[in-house]
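Peer 1: Got a structure here, written out as C-alpha cells. Questions coming.
The values are calculated or read from the model by the stated rules, or taken from the named source; none is laboratory data. What you see is a predicted model; the values in this text were computed from it and never measured. Every residue, glycine among them, receives a Cβ derived from its backbone with ideal geometry; neighbour counts consider all protein chains shown.
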C-alpha cells in the first residue's frame, strides 16, 4: 500500500496537480507517526500508512491554516473516517470538492492511542469507531490505495462507548450531573479538543468572546462545564465521531461518550448521519417543515 | 543524621503525621487511568511504579485558576477586597528530579521585579521529597538539558529506592533536615540498604545546547524558513504549555456579574492565537509556527538568558501529550544542525 501511496503522491507533485501532500510519516525514532507535508516529489518516500496513523489530517484543510493553504492545492491521505469530516466541510461550504485531492486509504483499523501500540493491532487497542466502521472502503475519494478490506460492521453498534451511554442514560439526573462534573473537573482548558477538531473551524471561538463573556475561561467547575457543554452543542449533527478530541485530551475526559450520544440523538430526531453526503446540510443549520415536533409535550 | 531510611510501611505514618499538623500530602496516584500528582490521605492511593506523572507539581504552587482580589460595586464606589494566601504546608512525595528542578526556574519570574506571594508563600511552605528515577521512556530527555535523574536541584530531601521498596533518604536542605527531625519516629537508621539502579536516559545524539542558544540569539535566524518547516503541523492547543513544569505564563480575567466578582489569575499559553493579540486587532505572532517558535525561543533563549534559569528540564511531557507528535527534541536536533551549517 505504501508503495502505491508514495507513487500516487509523487505523480501528483510532479505533475503540479497539487502543491502539497498532507500525510503521515515516521517520527525520528520510527515508533510513532506524525503529520507530514510533502512538497517535493522525491520526499514522497517519507509517506507511510499503518495502524499508528491515528490523526485526522482534515484539520489542516480548514481556514485555521492559511500557511498551509499558501502551499497550493492540497492532496490529503485520508481514512474513511477522516473523509467523513472532509464531507462535512464540503456540506458546510468550507471546501469545494475540487479544492482537495483525496487519497483514500483502505484501513483495517487504527490504535486508540499510539502509546498502546506493541507491534500488533488487536481489537482491545482499537477505538470503538473502528469496530463499527462502515467506511473501510473510502466513500469519497479521487483515488483509493491499499488492498480491499473484508469487514462488515455489526448490525447493532458495539463497544464500550455504547455500553457507557446505556449506563449513563439509566442514571438519575443527579448521578449523571456528578458523573460529568467529576470528569470535567479535570479539564485544564488547553483546548486540544477544539484544536484537533476539523469541524471546530470558527475564526473566533465563542470562548474567546469576552464582550460579553459567554463562557468563563477559568478552569473552575462552572467554566469547565460551560466549555464542554457548548462545544458539544456546537457539534451536534456535525460530529462524525472521529474521536480526535478524546484522543488529544491530556486528562482523559471521555468525550467520545458525548460525541456518540449526540450522533444517536441526531439520528433519532432527524434521521441524519453526518459525513456521508456532501450535499446534505447538517440538520441543525437548516429549517425543515418536516422536522419532528415530538419533543413538545 | 544526614542519611536515613524511610520504610514503605512507614509511609502511612508520615502521611498521617503531616495531615494531623494541618498539612497536605501530595504524591503520585492514579486518576482517570493516569498517574498524577495529587493529594492523598492513604498510602494505598499512592503508586510507586511510574515514570513521570501526567501533571507537574506546578499546579499546587501556581494553581491553574485562583482569585487574586474580589470587587463589589457599592453606592459609594467600588469596594476591593484583597486575597491573601495562607497556604498549608504541602509535602510533595515522589517528585521527579526534573520537576523539582523546575521550581527554581518558575520562582525566578515570580520574584523578579515583584514578589508574587501567591507563588512564593506556597513554595516556601512546601517540602520537596524527590525520588531518583529508576525507569525512563523514549520521551525522557533530562540529561540532554543538563538535569540528572538523581539530581538534588530543588529537592529538600533526595530519596533513592532500595531493592526492598524502601527509600534511602538524604537531606539536601535545612528544611529537609528539619523535616526529618520533626518526624524522626518515621525515619530509621539506614542499614546499608541495597539501592535500585538509577535510570539515566542517554543524551540525545546530535543535540548541542550551546549551538542552539547561539543560533537563537542571532537575530538573523528569527525569520529563518526552518521555523515554518519545523512547526507547520502544530495545531495550537495548550497541552504542551499546561503540562510543562516550567511554563508559567498567566492571564488576568474578571469574572462575575456587573455588581460583584473576582479577578482571577489563570494559566495562559503562548500557543493560543489570542495570546499576543493586540486590542487593535494586530497580532505580532499571527500564525501558528511563530507561536511555536516563541515557545522554543522562550525555553532556550529568552528565559535562560534573562533569568539565568532553566527553560526546559527535559521531563518530556510536551512530547507525550502533543496530539500531532511535535517533538521538541527533534526540533533541538534540527536547530543544532542548522547552527552547525551556519
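Peer 1: Please enumerate the residues belonging to the range A:79-104 that are farther than 19 Å from residue A:196 by Cβ and touching a residue at least 12 places away in the same chain (Cβ under 8 Å).
Peer 2: A:90, A:91, A:97, A:99, A:101, A:102, A:103, A:104, listed by residue number.
Peer 1: Taking the condition modelled with pLDDT under 90, part of a loop (DSSP other than H, G, I, E, B) and farther than 20 Å from residue B:239 by Cα, does residue A:291 pass?
Peer 2: Against the criterion (modelled with pLDDT under 90, part of a loop (DSSP other than H, G, I, E, B) and farther than 20 Å from residue B:239 by Cα), residue A:291 qualifies.
Peer 1: Looking only at the range B:217-229, filter to residues that are surrounded by fewer than 21 Cβ atoms within 10 Å (Cβ to Cβ) and in a helix (DSSP H, G or I); which one of those is nearest to the other protein chains (Cβ to nearest Cβ)?
Peer 2: B:228
Peer 1: Within the range A:216-230, which residues are more than 13 Å from every other protein chain (Cβ to nearest Cβ) and crowded, with 16+ Cβ neighbours inside 10 Å?
Peer 2: Across the range A:216-230, the qualifying residues are A:225, A:228.
Peer 1: Would the range B:200-212 turn up any residue that is in contact (Cβ under 8 Å) with a residue 24 or more places away in the chain, within 11 Å of chain A (Cβ to nearest Cβ), surrounded by 16 or more Cβ atoms within 10 Å (Cβ to Cβ) and not in a loop (DSSP other than H, G, I, E, B)?
Peer 2: no
Peer 1: Does residue A:133 satisfy the criteria of being assigned to a loop (DSSP other than H, G, I, E, B) and within 14 Å of chain B (Cβ to nearest Cβ)?
Peer 2: Answer is no for this residue.
Peer 1: With respect to residue A:239, determine if the residue is more than 14 Å from chain B (Cβ to nearest Cβ) and modelled with pLDDT of 95 or more.
Peer 2: When the stated conditions are applied, residue A:239 passes them.
Peer 1: Oh, and also: Please determine whether any residue of the range B:102-117 is in contact with a helix residue (DSSP H, G or I) (Cβ under 7 Å, 6 or more places away or on another chain), crowded, with 21+ Cβ neighbours inside 10 Å and over 27 Å from residue B:251 (Cβ atoms).
Peer 2: Within the range B:102-117, none of the residues are in contact with a helix residue (DSSP H, G or I) (Cβ under 7 Å, 6 or more places away or on another chain), crowded, with 21+ Cβ neighbours inside 10 Å and over 27 Å from residue B:251 (Cβ atoms).
Peer 1: Within the bounds of the range B:298-319, is there any residue that is touching a strand residue (DSSP E or B) at 6+ places or on another chain (Cβ under 6 Å), closer than 30 Å to residue A:115 by Cα and buried (at least 17 other Cβ atoms within 10 Å of the Cβ)?
Peer 2: No - not one qualifying residue is present in the range B:298-319.
Peer 1: Residue B:195: in contact (Cβ under 8 Å) with a residue 60 or more places away in the chain and surrounded by 13 or more Cβ atoms within 10 Å (Cβ to Cβ), yes or no?
Peer 2: Taking the combined requirement at face value, the residue does not satisfy it.
Peer 1: Right, another one. Return the residues of the range B:260-284 that are at pLDDT below 95 and either in a helix (DSSP H, G or I) or touching a helix residue (DSSP H, G or I) at 6+ places or on another chain (Cβ under 6 Å) (or both); say none if nothing qualifies.
Peer 2: Passing the criteria: only B:274.
Peer 1: To continue, here is another question. Among (1) in contact (Cβ under 8 Å) with a residue 60 or more places away in the chain; (2) at positive phi; (3) surrounded by fewer than 22 Cβ atoms within 10 Å (Cβ to Cβ), which single condition is residue A:277 missing?
Peer 2: Every condition holds for residue A:277 apart from (2).
Peer 1: Name the single residue, out of those in the range A:111-130 being more than 14 Å from every other protein chain (Cβ to nearest Cβ) and crowded, with 20+ Cβ neighbours inside 10 Å, that is nearest to residue A:199 (Cα to Cα).
Peer 2: My answer is A:129.
Peer 1: To continue, here is another question. Do any helices (runs of 4 or more DSSP H) lying entirely in the range A:1-108 carry at least 2 residues that are within 26 Å of residue B:334 (Cβ to Cβ) and more than 14 Å from chain B (Cβ to nearest Cβ), and which ones are they?
Peer 2: A:2-14
Peer 1: Which ones in the range A:161-182 are assigned to a loop (DSSP other than H, G, I, E, B) and either touching a helix residue (DSSP H, G or I) at 6+ places or on another chain (Cβ under 9 Å) or within 14 Å of another protein chain (Cβ to nearest Cβ) (or both)?
Peer 2: Once the filter is applied, which keeps residues that are assigned to a loop (DSSP other than H, G, I, E, B) and either touching a helix residue (DSSP H, G or I) at 6+ places or on another chain (Cβ under 9 Å) or within 14 Å of another protein chain (Cβ to nearest Cβ) (or both), the range A:161-182 yields only A:171.
Peer 1: What's the total number of residues in the range A:240-274 that are assigned to a loop (DSSP other than H, G, I, E, B), within 26 Å of residue B:320 (Cα to Cα) and in contact with a helix residue (DSSP H, G or I) (Cβ under 7 Å, 6 or more places away or on another chain)?
Peer 2: Here the count works out to 8.
Peer 1: How about the range A:183-215: which of its residues are away from chain B (no Cβ under 11 Å) and surrounded by 21 or more Cβ atoms within 10 Å (Cβ to Cβ)?
Peer 2: Of everything in the range A:183-215, just one residue is away from chain B (no Cβ under 11 Å) and surrounded by 21 or more Cβ atoms within 10 Å (Cβ to Cβ), namely A:199.
Peer 1: Follow-up question, since we're still on this one. What's the total number of residues in the range B:265-278 that are within 21 Å of the chain's Cα centre (by Cα) and facing chain A (nearest Cβ under 8 Å)?
Peer 2: Number of matching residues: 4.
Peer 1: Taking the range B:129-138 only, how many residues are crowded, with 22+ Cβ neighbours inside 10 Å and in contact (Cβ under 8 Å) with a residue 60 or more places away in the chain?
Peer 2: Qualifying residue count for the region: 2.
Peer 1: While we're here: In this structure, does residue A:144 turn out to be part of a loop (DSSP other than H, G, I, E, B) and either modelled with pLDDT under 95 or buried (at least 16 other Cβ atoms within 10 Å of the Cβ) (or both)?
Peer 2: no
The rows are residues; the columns are (1) assigned to a strand (DSSP E or B); (2) touching a residue at least 12 places away in the same chain (Cβ under 8 Å); (3) under 16 Å from the mean Cα position of the chain (by Cα).
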{"site": "B:121", "(1), (2), (3)": "no, yes, no"}
{"site": "B:144", "(1), (2), (3)": "no, yes, no"}
{"site": "B:147", "(1), (2), (3)": "no, yes, yes"}
{"site": "B:153", "(1), (2), (3)": "no, yes, yes"}
{"site": "B:159", "(1), (2), (3)": "yes, yes, no"}
{"site": "B:165", "(1), (2), (3)": "no, yes, no"}
{"site": "B:170", "(1), (2), (3)": "yes, yes, no"}
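Peer 1: Can I ask one more? Among the residues of the range A:183-217, which ones are modelled with pLDDT under 95 and part of a helix (DSSP H, G or I)?
Peer 2: A:206, A:207, A:208
Peer 1: Also, quick follow-up: Among the residues of the range B:243-257, write down those that are within 10 Å of chain A (Cβ to nearest Cβ) and more than 21 Å from residue B:332 (Cβ to Cβ).
Peer 2: Of everything in the range B:243-257, those that are within 10 Å of chain A (Cβ to nearest Cβ) and more than 21 Å from residue B:332 (Cβ to Cβ) turn out to be B:251, B:253, B:254, B:255, B:256.
Peer 1: Which of (1) under 23 Å from the mean Cα position of the chain (by Cα); (2) within 24 Å of residue B:301 (Cβ to Cβ) is the odd one out, the single condition residue B:206 does not satisfy?
Peer 2: (1)
Peer 1: Please return the ranges of helices (runs of 4 or more DSSP H) entirely within the range B:3-118 where 3 or more residues are more than 14 Å from every other protein chain (Cβ to nearest Cβ) and touching a residue at least 40 places away in the same chain (Cβ under 8 Å).
Peer 2: B:11-20, B:97-110
Peer 1: Follow-up question, since we're still on this one. For the condition at pLDDT below 95 and farther than 20 Å from residue B:172 by Cβ, what is the one hit in B:43, B:32, B:105?
Peer 2: It is B:32.
Peer 1: Also: Looking at the range B:230-242, which of its residues are within 21 Å of the chain's Cα centre (by Cα) and either more than 9 Å from chain A (Cβ to nearest Cβ) or in a helix (DSSP H, G or I) (or both)?
Peer 2: Result: B:239, B:240, B:241, B:242.
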